[in-house]
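Undergrad: This is the structure I want to talk about, given as structure tokens.
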Amino acid sequence: MLRKIVLFGCGLFFCLGVAAQETKILGFDQVFNLNHDELYELELQNLNPSSQLWTAFYLIGVPKSAAMNTKADFVISGEGVINKDHPANPTEVVSLVANNLPARQNYSFKEFDDLVEEIEDQTGKKIQDPVLGDASNVRVYGQVIDWIPEYNLQKPAKISFGIANQQDFEIKAAYLVIGDGEKTPQIIALNIHQKMDAEQMQNSFQNKTRSHELSFARFEAKFLIFLVIIAATIFLNWGKWRRN
């Protein structure tokens, strides 16, 4: 009997862990050494019209020149979904000027460790780092976008992205995360549009710290629930076990 209780508790603990996942990942893609004027797309099957859909992009680039016109255009478009910030325009073009983007020594997407764990657990994909010949001047860019699914959609929705008008700025890696529901602190921290000042760096550090605290708090809560269930079951069945 005790064995059955333990197995039941473990199963419930696992279910609680799944239910308490930080975010729901609908899709993920990673592309390396992006080709100029080529669009990469990710399809979303059976999208719920009420989904709180969002995308998070993270780009890693290496400038080949220090000139102010060292740049590349980042193109984002949606099909079957509407950009909340630009509902009348299905395509957004962001000019990425290398000198205006933050330089990072720790440029790896794996620095967002909690988010990476969620992606790998929910999609089964292993996140990789780009191979860089020179990592002394790596620039990064990130953007989080909210989308509204179109009603009566008869075909899969698509999120497309690519690089255009490239001038001495090579995009070595692009990561796309598509999710539904609440954005965790690390997802919000992916909004990396320009060089951070001291206050922004402090906020980024606080977001990462808060993310670790939330993860630990969730684990503690699940473990306490598990212990309470075991204790309650033992208490309710103690008399029966003694008679047997």
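The values are calculated or read from the model by the stated rules, or taken from the named source; none is laboratory data. Not measured: the values here are computed from a predicted model. Here Cβ is always computed from backbone atoms with ideal geometry, including for glycine, and neighbour counts include all displayed protein chains.
Undergrad: Any idea which of 73, 85 is closer than 28 Å to residue 148 by Cβ, modelled with pLDDT of 95 or more and of a type in the set (Asp, Glu)?
TA: 73
Undergrad: Return only the number of the condition from (1) under 21 Å from the mean Cα position of the chain (by Cα); (2) under 21 Å from residue 131 (Cα atoms) that residue 64 does not satisfy.
TA: Every condition holds for residue 64 apart from (1).
Undergrad: Quick one: how many residues across the stretch 24-68 are among the acidic types (Asp, Glu) and under 27 Å from residue 188 (Cβ atoms)?
TA: 3
Undergrad: If you don't mind, there's one more thing I want to ask. Regarding residue 160, is this residue modelled with pLDDT under 90 and either over 19 Å from the mean Cα position of the chain (by Cα) or on the phi < 0 side of the Ramachandran plot (or both)?
TA: Judged against the criteria, residue 160 is not a match.
Undergrad: Pull out all pairs, ordered by first then second residue, where Cβ-Cβ is under 9 Å, the residues are six or more apart or on different chains, the first lies in the stretch 163-181 and is in contact (Cβ under 8 Å) with a residue 12 or more places away in the chain and farther than 22 Å from residue 55 by Cα, and the second is part of a strand (DSSP E or B) and of a type in the set (Lys, Arg).
TA: Hits for this filter: 165/71; 166/71; 167/71; 168/71; 169/71; 169/139.
Undergrad: Report yes if some residue within the stretch 78-89 is of a type in the set (A, V, I, L, M, F, W, C), surrounded by 15 or more Cβ atoms within 10 Å (Cβ to Cβ), over 24 Å from residue 155 (Cβ atoms) and within 22 Å of the chain's Cα centre (by Cα); otherwise report no.
TA: No, the conditions are met nowhere in the stretch 78-89.
Undergrad: Also, I was wondering about something else. Within the stretch 122-131, restricting attention to residues that are touching a residue at least 12 places away in the same chain (Cβ under 8 Å) and not basic (Lys, Arg), which residue is surrounded by the fewest Cβ atoms within 10 Å (Cβ to Cβ)?
TA: The selected residue is 131.
Undergrad: Looking at 42, 12, which one is part of a helix (DSSP H, G or I) and either modelled with pLDDT of 95 or more or surrounded by 14 or more Cβ atoms within 10 Å (Cβ to Cβ) (or both)?
TA: Just one listed residue meets the conditions, 12.
Undergrad: Of the numbered conditions (1) in a loop (DSSP other than H, G, I, E, B); (2) surrounded by 21 or more Cβ atoms within 10 Å (Cβ to Cβ), residue 134 satisfies every one except a single condition; which is it?
TA: (2)
Undergrad: Could we say that residue 114 is within 20 Å of the chain's Cα centre (by Cα) and closer than 19 Å to residue 24 by Cα here?
TA: In short, yes.
Undergrad: Let me ask something else. Within the group 34, 47, which residue is modelled with pLDDT under 95 and surrounded by 13 or more Cβ atoms within 10 Å (Cβ to Cβ)?
TA: Criteria check complete, one pass: 47.
Undergrad: Just to be sure, is residue 60 of a type in the set (Val, Ile, Thr) and either touching a Cys at 6+ places or on another chain (Cβ under 6 Å) or closer than 19 Å to residue 25 by Cα (or both)?
TA: It is false that residue 60 is of a type in the set (Val, Ile, Thr) and either touching a Cys at 6+ places or on another chain (Cβ under 6 Å) or closer than 19 Å to residue 25 by Cα (or both).
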